[in-house]
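As structure tokens, the structure follows; a few thoughts come after it.
The values are calculated or read from the model by the stated rules, or taken from the named source; none is laboratory data. Since the structure is predicted, the reported quantities are computational estimates derived from the model, not experimental observations. Counting neighbours? That spans all protein chains shown, and the Cβs are built from the backbone with ideal geometry, glycine included. Note: accessible area is taken over every heavy atom of the protein model, side chains too, but ligands, DNA and RNA are not part of it. Shrake-Rupley method; radii C 1.70, N 1.55, O 1.52, S 1.80 Å.
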Amino acid sequence: MSWKRVCAAGEVAENTFRKFEVDGIAVIVANVGDGYRAFPPLCPHMAEPLVESGIYEDGVLTCTKHLWQWNLRTGDMVGLAERKLLMYEVKREGDDVLAYIERELAYEYHEEDELDDDDFFSGD
Amino acid sequence: MKVTIQSKSGELSFECEVGENLLYAGLRNGLSLPYECATGTCGTCRARVMEGEPEIGWSEAPGLSYVKQEKREVLMCQATAQGDCTLRVPAKVADGGGRGVAPEYGTGTIARVEKLTHDVMVFAVDLDTPMRFDAGQFVVVETGAVPGGRAYSMINYEDGAAVLEFVVKQKPDGRFSDWLFGDDRTGETVRIFGPLGRATFHPEEGKNVLCIGGGSGIAGIMSILAKAAGEGYFSDRRGYVFFGVRTAEDTFFMDELSAHAAAAPDNLEVVVALSDEDVPPALERKYSALTFATGLVHTVAAERMAGRWDDLIAYVAGPPPMVDGALRMLIIEARLPGTDIRYDKFG
């Protein structure tokens, strides 16, 4: 995979987000005003579907299950969040929003590995 | 028996009785294990069994939708220890250092049951040993008559309470509420585990207080008001209470709320929102210290709080759709940071 068209720029109004499918991979696109962000559709905490549990306002995405929050402009965790949001690289070409989707980004909710090399347990 | 917890912040262990609930055992030993409802619904206390054979418990717990049982994941609040075991918990877990006292087991006797509306009751439990708790906390109540525990927020507040008071809403197929409503239950023994919950009020934080409660969700708010009143908190801080019910017939605690409002007329506003009918003038006349409005409680709160969001902590409790509506309002309209919003999610 490579750069993929996810949606038309006009499909996601400023300060909102929407879910799309690209070759069977679900991606949320958020319009942060001066650009777009693309990320997997589930909360990294407990896999809550963010189109239902998520609120996007003023650059900050909140999952209302436990109020984990992320600054979508920078990707940083905010407040109570303990895990980063994975993001796809995004660019705009004309009226299209493209994401670099090499493989589906997904969180390891049910970690298999040893504690040492386990992303889930490696802290922030 | 020994239970070992592997967490994001390292490995901890604690002693546990055979057959004891793993979450409760960890919490009473002072570990900050993740949980919210403590009764099988929310999924927050999920863990993976690495060693040992804990028993799974309630096989239809709604919270199991968050775990992969084929990968030996469990809800700690439902699992019981049968021997030494090791669990992996996807969170940071500390040993001690949390706010408030560690929960413990207790017993008590139902001392009073009183119907407040057609489907809401208050019941009081005389504890065999007094309990310290923070305003806004809850306990898990169990009776031998009905399997499983139920989480109820205390409505009273004392530092070292000998009596705990709770509100129960009768729900279709609510086995505990059916039991409680079904006959005279005074004198029955109940088991208690608590205190639990982090949606707590701490006067030393010094902030204005916004409480949004729907139906029996007013319970913990009553405890916060009791604590605040005891400290004269609203002599120099502002308080805003929004209590939502469907109709005038569903209102309760009107006298208690009136007394709180009357005691701090300059700084405490109590608004009762009726979602399903216009406000009967007789109700307004009867409770002149309260303000009444028509609408969903979080919508009413958003309208009346406009421009007054500064320097406050918000407490939210009620049925899941109301909690969700209130959270959205607090984040989108009030722009409150998540750290200033407190609630325990039961759904």
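Equivalent ellipsoid of region B:104-196: semi-axes from √(5λ) of the C-alpha gyration tensor, largest first, are 20, 14, 12 Å.
Ellipticity at 222 nm from helices only: DSSP H runs of n ≥ 4 in the protein assembly as shown, each -39500 (n - 2.57), divided by the residue count, give -4000 deg cm²/dmol.
Of the Cα atoms belonging to chain A, the radius of gyration and Dmax stand at 14.4, 46 Å. Averaging the Cα positions of each part gives two centres, and for region B:316-347 and region B:115-131 these lie 26 Å apart.
For region B:279-339, what % of the accessible area comes from carbon and sulfur atoms, probe 1.4 Å?
On the way: 1580 of 2860 Å².
It is 55 percent, rounded to a whole number.
For region B:189-284, what does the equivalent ellipsoid look like in terms of its semi-axes, each the square root of 5 times an eigenvalue of the Cα gyration tensor, given largest first in whole Å? Walk me through the numbers before you get to the answer.
Numbers: eigenvalues 110, 77, 26 Å².
Taking √(5λ) for each Cα gyration eigenvalue gives 23, 20, 11 Å.
D by Stokes-Einstein for region B:2-89, Kirkwood Rh over Cα pairs, 10 °C, 1.306 mPa s: 128 µm²/s.
Restricting the calculation to alpha carbons of region B:167-237 gives Rg and Dmax of 16.2, 46 angstrom.
Between B:Asp311 and B:Val279, the C-beta separation translates, for a Förster distance of 30 Å, into a calculated FRET efficiency of about 0.50. Sort out for me the Cα centre separation of region B:30-81 from region A:60-111, rounded to whole Å. A separation of 27 Å, based on Cα centres. When you restrict to C-alpha pairs under 8 Å that are six or more residues apart and normalise by the size of region B:1-135, the relative contact order lands at 27 percent. Normalised by the number of residues in chain B, the average gap of Cα pairs under 8 Å and 6 or more apart makes the relative contact order 14 percent.
Residues within the reach of a label modelled at A:Glu89 (point 7 angstrom out along Cα to beta-carbon, backbone nitrogen below 20 Å), restricted to region A:1-25, are A:1-7, A:22-23, A:25. Comparing B:Tyr152, B:Ala334, B:Tyr287 along the charge dipole axis of chain B, the residue lying farthest to the positive side is B:Ala334, per the Cβ-charge model. Shape analysis of the protein assembly as shown yields a ratio of the Cα radius of gyration to the Kirkwood radius, Rg/Rh, of 0.99. For the pair B:Thr186 and B:Arg328 in one chain, pulling the backbone fully straight at 0.36 nm per residue adds 47.0 nm over the alpha carbon distance. Per residue, the protein assembly as shown exposes 43 Å² of solvent-accessible protein surface, assessed with a 1.4 angstrom probe and all protein chains in place.
Want the number for B:Thr294 to B:Ala263: 0.36 nm per residue separation, take away the alpha-carbon distance, what's left?
Length difference between fully extended and current span is 8.7 nm.
Exceedance of the 30 Å cut-off in Cα-Cα distance is limited, within the set A:Lys4/A:Lys84; B:Lys115/B:Lys227; B:Lys286/B:Lys345; B:Lys8/B:Lys207; A:Lys65/B:Lys227; B:Lys68/B:Lys227, to B:Lys286/B:Lys345; B:Lys8/B:Lys207; B:Lys68/B:Lys227. Can you pull the percent of Cα pairs in region B:279-347 with separation above 18 Å? Beyond 18 Å sits 45 percent of the P(r) for region B:279-347.
On average over all directions, what projected area in square nanometres does chain B have, based on the convex hull of its Cα atoms? Numbers along the way, then the final one.
Values: hull surface 69.1 nm².
Average projection, Cα convex hull of chain B: 17.3 nm².
From the P(r) of region B:203-347, could you give the percentage of C-alpha pairs in the tail past 26 Å? Roughly 17 percent, once rounded to a whole number. The reciprocal of the average 1/r between distinct C-alpha atoms defines the Kirkwood hydrodynamic radius, which for region B:49-184 equals 17.4 Å.
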